[in-house]
Amino acid sequence: MDTFLGFEAVLLARMQFAFTVAFHFIFPAFSIGLASYLAVLNALWIRSGDRIWLRLFNYWVKIFAVVFAMGVVSGIVMSYQFGTNWSVFSDRAGPVIGPLMAYEVMTAFFLEAGFLGIMLFGREKVGDGLHMVATAMVAIGTAISATWILSVNSWMHTPQGHVIGENGQFLPADWIEIIFNPSFPYRLAHALTAAYLTTAFVVGGVGAWHLLRGNHDNRGVRRMFSMAMWMAAVVAPLQIVIGDAHGLNTLEHQPAKVMAMEGHFESHPDGAPLILFGIPDQAAGEMRYSVEIPKLSSLILKHDLNAPLAGLDTIPDDEEPPVAVVFWAFRIMVGIGFLMLGVGAWSLWARWRGRLYDSPWLLRAAVAMGPSGFVAVTAGWFTTEVGRQPYTIYGLLRTADSASPLDAAAVGASLIAFICVYFAVFGAGVVYILRLMAHPPERGEGDAEDIPGPIRSGGMHTPEDVTS
Amino acid sequence: MSLAVSFDLTVAWALLLAFAVWIYVVLDGFDLGIGILYPLFPKKRSRDLMMNAVAPVWDGNETWLVLGGGGLMAAFPLAYAILLPALYPPIVAMLLALVFRGVAFEFRWKAITPAGLKFWDAAFFGGSFLAALAQGVTLGALLQGIEVEGRAYAGGWWDWLTPFSLLTGVAVAAGYAFLGACWLVLKLEGEDQKPFRHLARLLGLVTVGFIAAVSLATPFLEADYWLRWFTWPQMAAAAPVPVAVAVIALLLARSLTHEGRDWLPFVLALTLFGLCFLGLGLSIWPKIIPPDITIWDAAAPEKSQVFMGVGALVLLPIILGYTAYAYWVFRGKLDPDKGYH
């Protein structure tokens with residue numbers, strides 16, 4: 001077997017896709033939420049005329065510009081990954097998923113890219129009204145983009161509406177059935193909500209950081225923290241409800257994935273336990289050192305303590321997903337979800353007592369939770385995608401039969417190149433973003449009073465301005 | 001083989017995709033070209049100006065590349081599935097190069113040390129040049145033919161690398177640099193404009209030279225190409241293209257040596273690229289992957305074509321409309337005192 005550093009070509013191709021898409025996913029997860037937040041800030045500024053909103057807009061739009069640029073360049077890579085490493089999949093599934101992705105480009109990417117320039121540099125040129133339209137278009141574009149790509153992804157999990165042609169291609173039979181496949185509404189709601197939560201915790205973390213650093217009297221800092229905590233308090237519980245519904249949908253269509261998430265190697269005819277922790281041993285087909293609550297899993301999944309639940313022992317070995325990755329990724333995601341819920345509730349309590357800005361431990365918790373959304377969405381992505389294995393199109397096309405006819409060395413070398421470039425480039429990007437976040441929104445945030453002359457360059461701010 | 005074909009959906013999609021790729025080539029062409037010209041203008045002031053001339057629009061320009069990739073997969077999935085593995089090294093190199101030069105637009109302004117600035121300037125140049133080179137190599141590799149067996153690429157890993165593909169690689173990089181210089185003639189004025197006008201004259205000559213070289217080499221790649229260009233009556237259909245290229249080249253020389261009408265060289269350069277595109281299309285038509293795969297072999301089923309076709313008919317005019325609006329907002333000469341740090 002042709003290998004590179006001991007890995008087979010298909011595994012290297014999977015690693016490359018996982019690496020490039022997980023990296024890419026981080027940026028839209030932030031920019032979807034941030035674009036909407038910017039639209040809200042801009043609308044508040046236009047409605048109220050209170051400069052604080054403009055100041056906050058100008059603070060976050062600089063961060064948005066960096067995040068968006070990284071999202072664009074890592075996204076271009078994705079539109080070619082399907083062909084470079086998964087050419088058989090592309091040939092087979094192209095007639096179904098290709099048009100959906102073309103719609104994503106035509107309805108979303110152009111909208112975002114076309115209006116981004118005006119949003120970033122055009123306020124003085126087009127006036128507040130049209131600038132608001134441009135900002136809204138960027139925000140709407142990010143959501144439309146998520147809708148199409150999640151429809152594609154959902155179809156790969158719950159394919160329907162197609163027939164299989166003579167040459168092995170998946171041919172579209174009913175577009176409505178393809179687009180609105182069974183897992184799509186749940187996945188879309190879950191992912192969009194995740195993007196909003198991720199953004200809320202980043203904004204909240206930055207606000208909390210500046211509050212802790214003695215910027216108590218900075219109105220901008222207080223507003224951003226307060227808005228973020230409202231968002232966390234409202235959306236975190238909502239997300240848990242949506243996630244639960246998504247899980248039930250998965251149980252219906254991809255039971256093996258749920259078995260792996262739950263770590264149920266054995267079937268439980270009279271009520272399955274909820275395994276909190278354990279060490280999955282897939283070869284032996286058992287969970288070692290497990291800590292479990294009896295019957296709770298049946299209650300969650302079937303709303304009945306004694307409902308029978310099948311385990312992986314009912315699934316042929318070559319149809320099982322890798323249990324350990326799915327089991328742990330799921331626990332990380334859910335754990336963070338409940339921590340988010342906790343911070344949201346805590347903030348409500350502090351707000352009610354009038355101490356939202358003066359609870360050091362709440363502020364510290366919010367700072368610590370700042371990047372948690374990125375971990376949660378990545379873990380969620382691993383849960384659902386690894387849980388779909390060993391298939392690319394669930395039940396129909398195996399991953400092993402989807403890859404390009406490439407030598408392991410070619411895939412391995414390009415994987416190494418992607419890893420080096422992504423860590424260097426996006427590492428620098430993170431440093432620049434943290435540097436922007438390290439100063440609080442203040443005078444010099446680009447309101448017309450503070451800066452002489454209109455601002456219209458990729459820079460928007462001089463380095464001196466950032467550090468002062 | 002006749003050039004006359006019944007007009008069907010597959011032909012419509014081939015033309016639409018060719019149109020998208022042409023739009024990509026001219027739009028990202030001029031902003032990649034500006035990156036390629038970077039080393040010739042070491043002063044920070046010039047570099048700021050050059051970057052600001054494309055900062056509001058580069059992102060939209062690059063979106064056409066995503067449409068090219070996505071559209072190819074959607075309309076001609078087999079071609080997408082064969083081309084990308086066949087051209088794996090240049091495609092991956094292009095993508096990584098685009099990563100570097102894309103983020104440089106933002107990162108360059110965030111660098112607080114001279115070394116940081118230098119690094120992102122180098123990334124902007126290197127990324128732009130490598131992306132242009134890789135795109136040209138890809139074009140050359142496609143023209144010279146790709147070995148296919150069944151529904152998959154059957155050649156080796158270095159088949160794409162030949163003297164011809166290197167020629168097209170350098171030609172595309174030179175052509176992009178020329179487009180970039182013409183764009184800067186359009187966007188700048190007075191003393192700022194002068195060096196770019198001079199440069200555009202030189203690059204125009206170089207570009208036309210490369211067009212001639214590629215045109216002369218192409219007919220020798222495949223017998224079909226030769227027949228298309230040098231046998232009657234096919235020649236009658238093809239001959240107007242080189243004649244038009246010559247006319248446009250003369251007009252370009254005139255517009256670049258006479259002051260005034262700063263928009264004209266850029267528009268003529270776009271036309272020149274359009275003609276080259278037409279010429280290449282005439283060579284390979286109706287193949288999508290020479291020498292074996294025609295557009296009909298690679299086409300998606302009618303149901304996919306119709307579904308996307310409806311969207312494209314409605315959406316592309318809207319996209320072109322607001323793209324034009326975005327360009328309109330940032331029209332006119334760049335003010336060197338604004339947005340210059």
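A short reminder: the numbers here are calculations on the coordinates, not readings from a lab. As the structure is a computational prediction, the values presented were derived from the model and not from experiment. In this analysis, Cβ positions are derived from the backbone assuming ideal geometry, glycine residues included, and neighbour counts consider all displayed protein chains.
Between the range B:268-283 and the range B:40-81, what is the C-alpha centre distance in whole Å?
The range B:268-283 and the range B:40-81 have Cα centres separated by 19 Å.
Work out the length of the dipole vector of the range A:216-406 about its Cα centre, built from +1 on the beta-carbon of each Lys and Arg and -1 on the beta-carbon of each Asp and Glu, and round it to the nearest 20 debye.
On the way: 14 positive and 18 negative charges, 306 e Å.
Charge dipole, the range A:216-406, about its Cα centre: 1480 debye, nearest 20.
Quick one: which residues, 5+ away or cross-chain, put their amide H under 5 Å from the amide H of A:Glu292? H built at 1.01 Å from N.
Distant-sequence amide H within range of A:Glu292: A:Leu276.
Between B:Glu189 and B:Trp263, how many nm apart are label points set 7 Å from Cα along the C-beta direction?
Between B:Glu189 and B:Trp263, the label points sit 1.4 nm apart.
Among B:Val92, B:Ile293, B:Gly150, flag the residue with its Cα farthest along the positive direction of the charge dipole of the range B:9-329, charges on Cβ as +1 for Lys/Arg and -1 for Asp/Glu.
Looking along the dipole axis, the top candidate is B:Val92.
Kirkwood Rh, Cα Rg: Rg to Rh for the range A:89-235?
Numbers: Rg = 20.5 Å, Rh = 18.1 Å.
Rg/Rh for the range A:89-235 comes to 1.13.
Residue by residue through B:53-65, how many Cβ atoms from other chains fall within 10 Å of the Cβ on average?
That works out to 6 on average.
For the range A:289-340, report the convex hull volume of the alpha-carbon atoms normalised per residue, in Å³, without decimals. Walk me through the numbers on the way to the answer.
Values: hull volume 6.1 nm³, N = 52.
Taking the convex hull of the Cα positions in the range A:289-340, it is 118 Å³ per residue.
Can you tally the net charge around B:Gly155? Count Lys and Arg as +1, Asp and Glu as -1, for every other residue whose Cβ sits under 15 Å from the Cβ of B:Gly155. Display every interim value, and only then the final one.
On the way: positive: B:Arg151; negative: A:Asp407, B:Glu147, B:Glu149, B:Asp159, B:Asp292.
Charge balance in the 15 Å sphere: -4.
Obtain the radius of gyration and the Kirkwood radius of the range B:200-268 from its C-alpha atoms and give Rg over Rh. Write down the numbers at each step before the final one.
Working: Rg = 14.9 Å, Rh = 13.6 Å.
For the range B:200-268, the value is 1.10.
Using the Kirkwood radius built from alpha carbon pairs, what does the Stokes-Einstein equation give as D for the range B:278-341 at 4 °C and 1.567 mPa s, in µm² per second?
81
Can you give the log10 of the normalised intensity I(q)/I(0) at q = 0.07, 0.08, 0.09, 0.10 Å⁻¹, computed with Debye over equal Cα scatterers of the protein assembly as shown?
-0.55, -0.72, -0.90, -1.10
Let me know the volume per residue of the alpha-carbon convex hull for the range A:269-373, in Å³. Mind showing how you got there, number by number?
Numbers: hull volume 14.2 nm³, N = 105.
So the per-residue hull volume is 136 Å³.
Can you give me the three principal axis dimensions of the range A:216-406 from its C-alpha atoms, in Å, biggest first?
Its Cα atoms span 62, 49, 28 Å along the three principal axes.
May I have the extent of the alpha carbons of the range A:30-170 along their three principal axes, as whole Å values ordered from largest to smallest?
Principal axes ranked by extent give 64, 26, 23 Å for the Cα atoms.
So who's got an amide H within less than 5 Å of the one on A:Ala173, skipping anything under 5 residues away but keeping other chains? H placed 1.01 Å off N, in plane.
Under 5 Å from the amide H of A:Ala173 lie the amide H atoms of A:His162, A:Val163, each far enough along the sequence or on another chain.
Round to the nearest 0.05 the FRET efficiency obtained for A:Val291 and A:Ile419 when R0 = 51 Å and r is the Cβ-Cβ distance. Intermediate results must be reported in sequence, preceding the final value.
Numbers: r = 36 Å, r/R0 = 0.70.
So the FRET efficiency works out to roughly 0.90.
Can you give me the pair-distance distribution of chain A, C-alpha pairs, 20 Å bins, whole percents?
With a bin width of 20 Å, the distribution comes to 22, 53, 24, 1.
Sort the following peptides by mean Cβ neighbour count (other Cβ atoms within 10 Å, averaged over residues), highest first: A:131-138, A:294-301. Provide the component values of the computation, followed by the final result.
On the way: A:131-138: 21.2, A:294-301: 17.9.
Going from most to least packed, we get A:131-138, A:294-301.
Using a cut-off of 15 Å between beta-carbons, work out the net charge of the residues near A:Ala345 (Lys and Arg +1, Asp and Glu -1, A:Ala345 not included). Provide the component values of the computation, followed by the final result.
Working: positive: A:Arg351, A:Arg353, A:Arg355; negative: none.
My count for the surroundings of A:Ala345 gives +3.
For A:Trp230, what charge total do you get from the other residues with a beta carbon under 12 Å from its beta carbon, if Lys and Arg give +1 and Asp and Glu give -1? Don't jump to the answer; show the numbers that get you there.
Numbers: positive: A:Arg223, A:Arg351; negative: none.
Its environment carries a net charge of +2.
Per residue Cα convex hull volume for the range B:1-152, in cubic angstrom? Don't skip to the end; give the middle numbers.
Values: hull volume 19.9 nm³, N = 152.
It is 131 Å³ per residue.
Want the number for A:Trp352 to A:Leu396: 0.36 nm per residue separation, take away the alpha-carbon distance, what's left? Let's see the in-between values first.
Values: separation 44, 0.36 × 44 = 15.84 nm, distance 5.37 nm.
So the extension gain works out to 10.5 nm.
Using the basic label-point model (7 angstrom from Cα toward the beta carbon), what is the A:Glu124 to A:Lys302 distance in nanometres?
6.8
Order of A:380-386, B:286-292, B:236-242 by packing, highest average Cβ count within 10 Å first?
Details: A:380-386: 22.6, B:286-292: 18.9, B:236-242: 13.7.
Taking the mean over residues of other Cβ atoms within 10 Å, the ranking is A:380-386, B:286-292, B:236-242.
Run down the aspartates and glutamates and flag those whose C-alpha is under 15 Å from the C-alpha of B:Lys187, throwing out any fewer than 8 positions away in its chain.
B:Asp31, B:Asp48, B:Glu259, B:Asp262, B:Asp335, B:Asp337
So what are the range B:40-85's ellipsoid semi-axes, whole angstrom, largest first, if each one is the square root of 5 times an eigenvalue of the alpha-carbon gyration tensor? Please list the in-between numbers first.
On the way: eigenvalues 256, 31, 4 Å².
After diagonalising the Cα gyration tensor, the semi-axes are 36, 12, 4 Å.
Rounded to a whole number of µm²/s, how large is the Stokes-Einstein D of the range B:9-329 at 37 °C and 0.692 mPa s, given Rh as the Kirkwood radius over C-alpha pairs?
Numbers: Rh = 20.5 Å.
Reported coefficient: 160 µm²/s.
Determine the gain in length on full extension of the stretch A:Ile176-A:Ile315; use 0.36 nm per residue of separation and subtract their C-alpha separation, reporting nm with one decimal.
Numbers: separation 139, 0.36 × 139 = 50.04 nm, distance 3.13 nm.
Gain on extension, A:Ile176 to A:Ile315, equals 46.9 nm.
Given R₀ = 35 Å, what would the calculated FRET efficiency be for A:Ile240 paired with A:Glu266, taking r from the Cβ atoms and rounding to 0.05?
Values: r = 27 Å, r/R0 = 0.78.
Calculated transfer efficiency: 0.80.
Under a 10 Å cutoff between Cα atoms, tell me which one of B:Thr218, B:Thr231, B:Thr162 has the largest fluctuation in the Gaussian network model of chain B.
It is B:Thr231.
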